[in-house]
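Structure, as structure tokens:
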Amino acid sequence: GAGVSQTPSNKVTEKGKYVELRCDPISGHTALYWYRQSLGQGPEFLIYFQGTGAADDSGLPNDRFFAVRPEGSVSTLKIQRTERGDSAVYLCASSLGGTGHYNEQFFGPGTRLTVL
Amino acid sequence: ILNVEQSPQSLHVQEGDSTNFTCSFPSSNFYALHWYRWETAKSPEALFVMTLNGDEKKKGRISATLNTKEGYSYLYIKGSQPEDSATYLCACPFLDKLIFGTGTRLQVFP
């Protein structure tokens, strides 16, 4: 079956612009996660959705970052007034259940964002 | 928040060599350890989920061990091949999220 997909695969933008990154989770997965991997770091948690609601947004770095999942399936990560430090690979993952240490998370290929 | 560390940061080996690298994590309140392989431009792929102290899991030429008392896991690759070149990530669940190490970037030269 189809895995997690993310679009675009690459995005180059200029400082100050607005960007949207999209994630299509595996069908039937209720939990969706966004992570960000900056150069030289491991992926860092941004936000977690259970269904339509953001259950934990403690990883969002500041109020320029916002994410939605209006119908409990596709999610969009929105970044306003992008800065060079936002350049990273943005990963999306989905899992069957909600919180659960044994719930395997399935990852998409990521969107590589470059802010010039 | 818990701290997950990996070493070395990068590794270059010749085809046919065996290699191993380390993931360390806090031994208190341990629930599980995940290993992922992440090739460039692809999705991170789950290799193992390990939960029991002394666990050893194997997938082809790749195996992993777990010591929850001392807080470490080893990943071994036997007879490395160029297609093994990737970043290997370990992660521990914490509440509703995974906490990742910085990864070990493996390059296997033919």
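Consider segment A:6-25 and keep the residues that are of a type in the set (Lys, Arg) and farther than 19 Å from A:Leu46 by Cβ. The one that is most open to solvent (accessible area, probe 1.4 Å) is A:Lys15. Tell me, yes or no, whether segment B:41-53 has at least one residue that is surrounded by fewer than 17 Cβ atoms within 10 Å (Cβ to Cβ), in contact with a Pro (Cβ under 6 Å, 6 or more places away or on another chain) and free of Cβ contacts under 8 Å to residues at least 60 places away in the same chain. There is at least one residue in segment B:41-53 that is surrounded by fewer than 17 Cβ atoms within 10 Å (Cβ to Cβ), in contact with a Pro (Cβ under 6 Å, 6 or more places away or on another chain) and free of Cβ contacts under 8 Å to residues at least 60 places away in the same chain. Considering segment B:74-110, the residues that are closer than 25 Å to B:Ser28 by Cβ and away from every other protein chain (no Cβ under 14 Å) include one that is surrounded by the most Cβ atoms within 10 Å (Cβ to Cβ), namely B:Leu75.
Give me a count of the residues in segment B:26-36 that are within 11 Å of chain A (Cβ to nearest Cβ) and assigned to a loop (DSSP other than H, G, I, E, B). The number of residues fulfilling the criteria is 4. When the residues of segment A:32-60 are narrowed to those that are within 18 Å of A:Arg112 (Cα to Cα) and open to solvent by 60 Å² or more (accessible area, probe 1.4 Å), which ends up nearest to the other protein chains (Cβ to nearest Cβ)? Only one residue fits best here, namely A:Gln41. Would you confirm, using the coordinates I've provided, whether B:Leu2 is open to solvent by less than 60 Å² (accessible area, probe 1.4 Å), more than 13 Å from chain A (Cβ to nearest Cβ) and of a type outside the set (Val, Ile, Thr)? Judged against the criteria, B:Leu2 is not a match. The set of residues from segment B:21-40 being in contact with a strand residue (DSSP E or B) (Cβ under 6 Å, 6 or more places away or on another chain), farther than 19 Å from A:Val4 by Cα and either open to solvent by less than 80 Å² (accessible area, probe 1.4 Å) or without any contact (Cβ under 8 Å) to a residue 40 or more places away in the chain (or both) comprises B:Phe21, B:Thr22, B:Cys23, B:Ser24, B:Phe25, B:Ala32, B:Leu33. Of all residues in segment A:66-103, which are within 13 Å of chain B (Cβ to nearest Cβ) and either exposed (fewer than 14 other Cβ atoms within 10 Å of the Cβ) or of a type in the set (S, T, N, Q) (or both)? Of everything in segment A:66-103, those that are within 13 Å of chain B (Cβ to nearest Cβ) and either exposed (fewer than 14 other Cβ atoms within 10 Å of the Cβ) or of a type in the set (S, T, N, Q) (or both) turn out to be A:Ser94, A:Ser95, A:Gly97, A:Thr99, A:Tyr102, A:Asn103. In segment A:1-24, the residues that are away from chain B (no Cβ under 14 Å) reach residues that are of a type in the set (Asp, Glu) with C-beta atoms within less than 7 angstrom, at least six apart or across chains, in these pairs: A:Lys15/A:Glu83. Listed by position, the strands (runs of 3 or more DSSP E) inside segment B:42-86 whose residues that are over 12 Å from the mean Cα position of the chain (by Cα) number at least 2 are B:56-59.
None of B:Glu39, B:Glu45 is within 14 Å of chain A (Cβ to nearest Cβ), in contact with a Lys or Arg (Cβ under 6 Å, 6 or more places away or on another chain) and under 25 Å from A:Phe106 (Cβ atoms) except B:Glu45.
Any residue that is of a type in the set (Gly, Ala, Ser) and farther than 30 Å from B:Met50 by Cα - is there at least one of those in segment A:30-52? No; the residues of segment A:30-52 include none that is of a type in the set (Gly, Ala, Ser) and farther than 30 Å from B:Met50 by Cα.
The values are calculated or read from the model by the stated rules, or taken from the named source; none is laboratory data. Every value quoted in this text rests on a predicted model; they were computed, and no experiment measured them. Note that each Cβ is placed from the backbone with ideal geometry, even for glycine, and that neighbours are counted across all protein chains shown. Ligands, DNA and RNA are excluded from the accessible area calculation, which covers all protein heavy atoms including side chains. Shrake-Rupley method; radii C 1.70, N 1.55, O 1.52, S 1.80 Å.
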